[in-house]
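Working notes, structure below.
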Amino acid sequence: MSPTDEKELHRLAKMLESLDKKLPTASPLREGLMKAGIALNFAFIHGSRSKIEADYDFLIGLKNRTT
């Protein structure tokens, strides 16, 4: 993983951590959030950042067309 990828992964992880802090301790949503963080780590470790970015841009484009 490049230093740029690592920096982006840490930025996204901080976002997830921020969301986690807003959840009640017993929230069932915590499972999804934690699994998303794990998946994000695996994706970055396996070099999939560009695919994640492309898919994100695609989804934002779809959202903008429907609003």
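For the range 4-59, give me each residue that is at pLDDT below 95 and of a type in the set (Val, Ile, Thr). Selection gives Thr25 alone. In the range 53-67, the condition of being out of contact with any Phe, Trp or Tyr (no Cβ under 7 Å at 6 or more places or on another chain) and touching a residue at least 12 places away in the same chain (Cβ under 8 Å) is met by no residue.
The values are calculated or read from the model by the stated rules, or taken from the named source; none is laboratory data. None of these values were measured; they are calculated from a predicted model. For neighbour counting, all protein chains shown are included, and Cβ atoms are generated from backbone atoms with ideal geometry for every residue, glycine included.
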